[in-house]
1. Do you know which residues across the stretch 132-156 are under 16 Å from the mean Cα position of the chain (by Cα) and farther than 19 Å from Ala85 by Cβ?
2. Looking only at the stretch 146-175, which residues are more than 15 Å from Lys77 (Cβ to Cβ) and crowded, with 19+ Cβ neighbours inside 10 Å?
3. If you take the residues in the stretch 114-131 that are surrounded by fewer than 20 Cβ atoms within 10 Å (Cβ to Cβ) and basic (Lys, Arg), which one is farthest from the chain's Cα centre (by Cα)?
4. Considering only residues of the stretch 74-106 that are out of contact with any Asp or Glu (no Cβ under 6 Å at 6 or more places or on another chain) and assigned to a loop (DSSP other than H, G, I, E, B), which is surrounded by the fewest Cβ atoms within 10 Å (Cβ to Cβ)?
5. Could you tell me which numbered condition Phe143 fails, if it satisfies all but one of (1) open to solvent by less than 10 Å² (accessible area, probe 1.4 Å); (2) in a loop (DSSP other than H, G, I, E, B)?
Amino acid sequence: MRKARWAAAAVGVVLLVAGCSGAKDDKPGTSRSGSSAAPAEAGGSLDAAAAAKEIEDAATAAGFTEEPSEGLPASLKECAVSWHADAEKAADPKKSYDATLAALEKGGWGQPREHKEKGAVITSMRKSGWTMTASSHGRADTFLVVTFGAEDNSAECQKVINKELEKIMKKNMKS
């Protein structure tokens with residue numbers, strides 16, 4: 001069950017990050033804060049460890065604890081970050097989700113873009129050549145999944161991420 005859950009989350013994070021770089025909120029061309037979004041900046045000083053720490057610090061300060069997971073494949077360790085919230089332990093998961101995003105924005109993660117659809121909220125933000133995608137699926141009174149994932153936008157990392165995504169897709173097609 002954990003492997004299936006991880007595979008779904010990994011595919012989701014990669015697809016969300018790839019797809020949300022162009023995601024729209026209810027008004028095309030606007031961001032969460034209402035300003036026009038600019039293209040992603042390429043290359044920067046942020047690395048996987050720093051991105052992971054910023055996400056963890058913001059999420060835990062907002063009331064989330066990390067749900068144990070198998071993590072990302074070794075090939076992605078330098079190019080991507082995945083942090084799964086244990087939403088059941090948060091007093092108010094929606095408030096914690098919003099507070100995490102606000103803290104990340106205050107910490108320099110900019111150009112927030114939000115997409116809402118059928119119980120899901122997906123927000124992407126950018127910083128130093130990285131794109132972070134936060135997602136909340138479900139409601140607190142039902143099954144709720146909250147994840148934060150980030151990926152390096154460099155050409156080298158995009159090749160690694162795409163290769164890993166192909167592996168995941170092939171593996172899931174066989175199952």
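1. Asp152, Asn153
2. Listed by number, the residues that qualify are Val146, Thr147, Phe148, Asn153.
3. Per the stated criteria, the residue is Lys118.
4. Ala91
5. Condition not satisfied by Phe143: (1).
Residue by residue, here is whether (1) modelled with pLDDT of 90 or more; (2) surrounded by 14 or more Cβ atoms within 10 Å (Cβ to Cβ); (3) not in a loop (DSSP other than H, G, I, E, B) holds:
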residue	(1), (2), (3)
Ala23	no, yes, no
Asp26	no, no, no
Pro39	no, no, no
Ser45	no, no, no
Ala49	yes, no, yes
Lys53	yes, no, yes
Phe64	yes, yes, no
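The values are calculated or read from the model by the stated rules, or taken from the named source; none is laboratory data. Model, not experiment: these values are computed from the prediction. Using ideal geometry, Cβ is built from the backbone for each residue, glycine included, and neighbour counts are taken over all protein chains shown. Note: areas computed on protein heavy atoms with side chains; ligands, DNA, RNA excluded. Shrake-Rupley method; radii C 1.70, N 1.55, O 1.52, S 1.80 Å.
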